[in-house]
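The values are calculated or read from the model by the stated rules, or taken from the named source; none is laboratory data. Fair warning: this is a prediction, and the values are worked out from it, not measured in the lab. Every residue, glycine among them, receives a Cβ derived from its backbone with ideal geometry; neighbour counts consider all protein chains shown.
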Amino acid sequence: MEKTYYPKAQEITQEWILVDANDQYLGRLATQIARLLLGKHKPNYTPGVEMGDCVVVVNAERIRVTGKKMTEKIYYRHSNYPSGLKAISLRDLLAKHPERVIRYAVWGMLPHNRLGRRLIKNLKVYAGPDHPHQAQKPKPLAKGA
């Protein structure tokens, strides 16, 4: 009888990966980041287990999109009060909070449960080229990966 492999907590190692979003397309970058957060790039990937790495994204303000998404893509939120619907376009959100654009795109590709809420905490996004995670020695993500 074959046994199913289930990784133990001490067998899981988290690395730090540095991703440069300069001139990268939003959707393609978000799928790479979600894959790294989930741990699907590791040979011992197990669904439902937090095996992913910590991802640091820099230059979020220099992200690219195709087509008319800059003006036509709208992000909505609601305050739970009557007539509390707020809307902001991608262009305005990039101007005010560029790190939120990548966070929202990656969150849409993660599971919407306890695991996804734990995984999104391993994503650190910064608008410019500087980040405070030099002590963790993040490895740069290869362009083809």
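Taken together, T66, T13, T4 contain a single residue that is over 15 Å from the mean Cα position of the chain (by Cα) and within 22 Å of P132 (Cα to Cα), which is T13.
Which residue out of I12, I74 is aliphatic (A, V, I, L, M) and in contact with a Ser or Thr (Cβ under 7 Å, 6 or more places away or on another chain)? Testing whether each residue is aliphatic (A, V, I, L, M) and in contact with a Ser or Thr (Cβ under 7 Å, 6 or more places away or on another chain) leaves just I74.
Among all positions in the stretch 58-80, there is no residue which is basic (K, R), closer than 30 Å to Q136 by Cβ, free of Cβ contacts under 8 Å to residues at least 40 places away in the same chain and loosely packed, with under 14 Cβ neighbours inside 10 Å.
Report yes if V49 is under 15 Å from Y126 (Cα atoms), hydrophobic (A, V, I, L, M, F, W, C) and either in a helix (DSSP H, G or I) or touching a residue at least 40 places away in the same chain (Cβ under 8 Å) (or both), otherwise no. Judged against the criteria, V49 is not a match. Of the candidates A34, A95, A87, the single residue that is buried (at least 16 other Cβ atoms within 10 Å of the Cβ), modelled with pLDDT of 95 or more and among the aliphatic types (A, V, I, L, M) is A34. Taking the stretch 83-104 as the range and being under 11 Å from the mean Cα position of the chain (by Cα) and either of a type in the set (D, E) or over 13 Å from V57 (Cα atoms) (or both) as the test, the residues that pass are E99, Y104. If you go through the stretch 37-57 and pick out every residue that is of a type in the set (A, V, I, L, M), at pLDDT below 95 and crowded, with 22+ Cβ neighbours inside 10 Å, you end up with 0. Which of the residues that make up the stretch 110-122 are surrounded by fewer than 16 Cβ atoms within 10 Å (Cβ to Cβ), in a loop (DSSP other than H, G, I, E, B) and not polar (S, T, N, Q)? Answer for the stretch 110-122, where residues must be surrounded by fewer than 16 Cβ atoms within 10 Å (Cβ to Cβ), in a loop (DSSP other than H, G, I, E, B) and not polar (S, T, N, Q): P111, H112, K121.
Taken as a whole, the structure places Q14 among residues that are touching a Cys at 6+ places or on another chain (Cβ under 9 Å), surrounded by 10 or more Cβ atoms within 10 Å (Cβ to Cβ) and either farther than 23 Å from A127 by Cα or free of Cβ contacts under 8 Å to residues at least 60 places away in the same chain (or both).
Can P138 be described as over 21 Å from G27 (Cβ atoms) and either surrounded by fewer than 16 Cβ atoms within 10 Å (Cβ to Cβ) or of a type in the set (S, T, N, Q) (or both)? No.
Against the condition assigned to a helix (DSSP H, G or I), within 30 Å of K137 (Cα to Cα), of a type outside the set (S, T, N, Q) and without any contact (Cβ under 8 Å) to a residue 40 or more places away in the chain, how does R91 come out, does it pass? Answer is no for this residue.
Applying the condition of being out of contact with any strand residue (DSSP E or B) (no Cβ under 7 Å at 6 or more places or on another chain) and in a helix (DSSP H, G or I) to the stretch 123-145 and asking which residue is nearest to D20 (Cα to Cα) yields Q134.
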